[in-house]
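The values are calculated or read from the model by the stated rules, or taken from the named source; none is laboratory data. Source: prediction; values computed, not measured. Here the Cβ positions follow ideal geometry from the backbone for every residue, glycine too, while neighbour counts run over all protein chains shown.
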């Protein structure tokens, strides 16, 4: 095993996670609507099938940086077990506060990203669950939208030895042996397997973020994000101790 990935090395490790919401489909221009729906129109077998596919499309707009935005970014220092969650609270004024080992601070999407990339400069290793394929590229594209240059490339190869600018341990890659397992499993399922408290155990899932944002339950989103970070940290520790071979 290469010592660069050894759990005893001196790398500073940062866990990160984001929460996103999608655009309001009905407010989009007609050209954009057509671009988004042309494939489901072709593939739908009838009007009812199209309606179902359209609702799925609307609810999934937050999964792309082209049709969504970031409403929370959380970070957690592995060694210090101290973290922060930056969250968007549209139309509200929420004072910064501390809960357990997390600082919670209101910010715009641009401010969140600026803060994250400044923090990222201090770290050599990043840990996520599905972050190489989702969180990393989403943040990088949204940063470019705000004319911000990322300080790290968080979406390089899934193979650690091929990563050059930084080490990004995406646990969904590592736990499935770089995709060799047919079923990847969610963070909830992996947490359940190893007896880790799932962030979903309090009744909130990633699918709820858009609804919670509309209901102005911004702190529910921020606390859910912190729960994701805690679960990811424990899952990383399990992988590092028993499966990083």
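Selection over region 190-206 of residues that are modelled with pLDDT of 85 or more and either surrounded by 13 or more Cβ atoms within 10 Å (Cβ to Cβ) or over 19 Å from residue 128 (Cβ atoms) (or both) gives a count of 8. Annotation: of all residues in region 41-59 being surrounded by 15 or more Cβ atoms within 10 Å (Cβ to Cβ) and either modelled with pLDDT of 90 or more or in contact with a strand residue (DSSP E or B) (Cβ under 8 Å, 6 or more places away or on another chain) (or both), the one that is nearest to residue 223 (Cα to Cα) is 58.
From the list 234, 215, exactly one residue is free of Cβ contacts under 8 Å to residues at least 24 places away in the same chain, under 27 Å from residue 115 (Cα atoms) and out of contact with any strand residue (DSSP E or B) (no Cβ under 6 Å at 6 or more places or on another chain). Which is it?
On inspection, the qualifying residue turns out to be 215.
Taking the numbered list (1) modelled with pLDDT of 95 or more; (2) out of contact with any helix residue (DSSP H, G or I) (no Cβ under 8 Å at 6 or more places or on another chain); (3) part of a helix (DSSP H, G or I) in turn, residue 116 passes all entries but (2).
For every residue, the table says whether it meets (1) closer than 18 Å to residue 78 by Cα; (2) in contact (Cβ under 8 Å) with a residue 40 or more places away in the chain.
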{"site": "154", "(1), (2)": "yes, no"}
{"site": "160", "(1), (2)": "no, yes"}
{"site": "171", "(1), (2)": "yes, yes"}
{"site": "184", "(1), (2)": "no, no"}
{"site": "197", "(1), (2)": "yes, no"}
{"site": "200", "(1), (2)": "no, no"}
{"site": "240", "(1), (2)": "yes, yes"}
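Look at (1) farther than 18 Å from residue 146 by Cα; (2) buried (at least 18 other Cβ atoms within 10 Å of the Cβ); (3) without any contact (Cβ under 8 Å) to a residue 60 or more places away in the chain; (4) touching a helix residue (DSSP H, G or I) at 6+ places or on another chain (Cβ under 7 Å) and you find that residue 84 fails only one, number (4).
Only one entry in 222, 226 is closer than 16 Å to residue 69 by Cα, at pLDDT 95 or above and touching a strand residue (DSSP E or B) at 6+ places or on another chain (Cβ under 9 Å), namely 222.
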